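Asks: Sending over a structure as C-alpha cells; questions will come in a sec.
Where a number appears in this text, it was derived from the coordinates with a stated rule and is not lab data. Here the structure is a predicted model, which is why all the values come from computation and not from measurement. Note that each Cβ is placed from the backbone with ideal geometry, even for glycine, and that neighbours are counted across all protein chains shown.
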Amino acid sequence: MLRGKNILVCVSGGIAVYKACDLVSKLTQRGAHVKVIMSEGAQKFVSPLTFQALSRNPVYTDTFDEKDPEKIAHIDVADWADLCLIAPATAHMIGMLANGLADSMIPTTILATEAPVYIAPAMNVHMYAHPAVVKNMQQLSSWGYKFIEPGAGYLACGYVGKGRLEEPLTIIQVLEDQLDKQTPYQGKKVLISAGPTVETIDPVRYFTNRSTGKMGFALAEEAAELGADVTLVTGPVQLHTKHANIQRIDVTSAQEMYEQMMNAYKDANVVIKAAAVADYRPKHVHTEKMKKQPGDLSIELERTIDILQTLGEQKTAQFLVGFAAETNEPIKHGLDKLQRKHLNAIVVNDVSAKGAGFGQDTNVVTYINEHEEQYPFALDTKEGIAHSILLQVMKDMEKKDEV
C-alpha cells in the first residue's frame, strides 16, 4: 500500500526520536519515498545525517534554508507529500499546530499541505492527560487530523502509563489500513482511452480534432490513485503519465486505437472511453504529397469502426462508460447514446459551456447511469471531475453486485 507514496515524516524533539529512525527505515524498505523534517529539539537527540542515510533524501531543518532558489522549500515539500506523519509529536508541537503557529519548518509545512496528516504523540503520561493537550488534540481532530494513540508502558521519565510513541510497525499498519480504505479500485483493472486520433491524408497532411487528452489522463491518474491497475490507450498528445500503476499505449489512428482497446478489453473491469475518435478517415491515402491544383478539392471519406458501439455489443462483465461531447441538447443526445451503444453509464459534456470542453483545465459534466439517474458535477478541475466520476462508477458497480 505504501509503495510509491510520498511520505513526509516530521520529527519533533523527544527521546522517542530513536523510534522515528526505525520508522523511516521501515517506510523506505516498503518502497515509500520518504522525506524528513526535524525540529531543533529533535536534532539534540539524533543528527540529520542519520535520517538522510535512512531516507536517502536530504533532511529539512530550517525554514529559511532555501537550497533551490526556484522553490520555496516548505511549500514544495508540502505539495510533494501524499501523506504527512508527525512522529514523535510533542505536546509543544501539538499546541503549535492547534493554534496555527508557524515559527519553524514543521508547523509551517503542515499548515501549507493539503495531504492527510497523521499525528503520533509521545510524552509523559500526565502531560498527555493535561486539559490543554487534550483540548489541542480535539481541535486538530475537528480539522481532520488523524491521531495514532501512544502505547502504555515504562516511559523515559520513569513513569509507567500511556505516552510511549507507538511501535513503528503498528504506525505503518495504521497508515496502510487508512490507505486501503481510500483505494476502492484495489485489484480492479481499468481501461481508459484518451486524446484525439489522427487520420492521414498524405505524408504531410491529416485530419484530427481539438481533443488534448486532459480529461482521459486525469481519469487515468485518479483511477491509479484509487488503487486500480490502469491501461491508458492514447492518441497523440503533449501529456505525460505520472503514476507507476498506469500502462500507457500510444496510438495514432482510429484503427490502431480500436485494436489496442479490443486487445485489453476482455481483462478489464471498468472501461472508460474518453477519447475523441475520428468518425471518418480518407478512403484513399496518398503515398506522395498532394500537389496544389486549380479549383476545389474533394476528399472521399469512409467510416471508421465505432469503437464504443463494438465494446457495448461485446460487453460481458465490464462496466462500460462512454463520453458524449455535445453542443446542443446534451442530455437528450447523451441518453440516446447511452441506450444505443449498450453502456452502463455516460458522461455528458457540453463543450460549449464556460469552463468546459477541449483544452480546458476545468470541466462541467453530467453523469447518467443505465437507470437514467443523473448526477451533475459542477465546474471543477478535470482531476476533481475524474475523481467524482470514478467514485460514482464504483457506487453503481456495487449496486449491480447487490442485485
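Asks: Can you put 346, 75 in order, fewest other beta carbons within 10 Å first?
Replies: Fewest to most other Cβ atoms nearby, the residues stand as 75, 346.
Asks: Turning to a different aspect of this structure: Provide Rg over Rh for the range 263-355; use the alpha carbon set for both Rg and the Kirkwood Rh (inverse mean inverse pair distance).
Replies: Rounded to two decimals, Rg over Rh is 1.11.
Asks: I need the calculated FRET efficiency for the pair residue 79 and residue 279, taking r as the beta carbon distance and R₀ as 60 Å, to the nearest 0.05.
Replies: Computed FRET efficiency for residue 79 and residue 279: 0.90.
Asks: Roughly what would the spin-label model give for residue 305 and residue 336, points 7 Å off Cα along C-beta, in nm?
Replies: 2.6
Asks: Tell me which lysines have Cα within less than 30 Å of residue 400's Cα, excluding those fewer than 8 residues away on the same chain?
Replies: Excluding near neighbours in sequence, the set is 181, 188, 189, 214, 266, 273, 315, 332, 337, 341, 382.
Asks: Can you give the Kirkwood hydrodynamic radius of the range 207-344 from its Cα pairs, in Å with one decimal?
Replies: 16.8
Asks: Which ordering of 375, 118 is given by a fewest-first count of other beta-carbon atoms within 10 Å?
Replies: Values: 375 16, 118 21.
Listed from fewest to most nearby Cβ atoms, that is 375, 118.
Asks: Between residue 399 and residue 362, 0.36 nm times their residue separation minus their Cα-Cα distance comes to what?
Replies: 10.4 nm is the gain from fully extending residue 399 to residue 362.
Asks: Along the principal axes of its C-alpha atoms, what lengths does the range 6-181 span, in descending order and rounded to whole Å?
Replies: Principal extents (largest minus smallest coordinate, Cα): 47, 37, 33 Å.
Asks: Please give the per residue volume of the convex hull enclosing the alpha carbon atoms of the chain, rounded to a whole number of Å³.
Replies: For the chain, the hull spanned by Cα atoms encloses 190 Å³ per residue.
Asks: Quickly work out the residue 296-to-residue 127 label distance, labels modelled 7 Å from Cα along the C-beta direction, and quote it in nm with one decimal.
Replies: 8.5
Asks: Can you compute the FRET efficiency between residue 380 and residue 18 using 1/(1 + (r/R0)^6), with r the Cβ-Cβ distance and R0 = 30 Å? Round to the nearest 0.05.
Replies: For residue 380 and residue 18, the calculated efficiency is 0.10.
Asks: Report the gain in length on full extension from residue 65 to residue 244: 0.36 nm times residue separation, minus Cα-Cα distance, nm rounded to one decimal.
Replies: Values: separation 179, 0.36 × 179 = 64.44 nm, distance 3.16 nm.
In short, 61.3 nm is gained.
Asks: Next question. How do 225, 40 rank when sorted from fewest to most other Cβ atoms within 10 Å of their own Cβ?
Replies: With the sparsest Cβ surroundings first, the list reads 40, 225.
Asks: Computed on alpha carbon atoms, what radius of gyration and Dmax characterise the range 95-241, expressed in Å?
Replies: Every Cα atom of the range 95-241 included, Rg and Dmax give 24.4, 83 Å.
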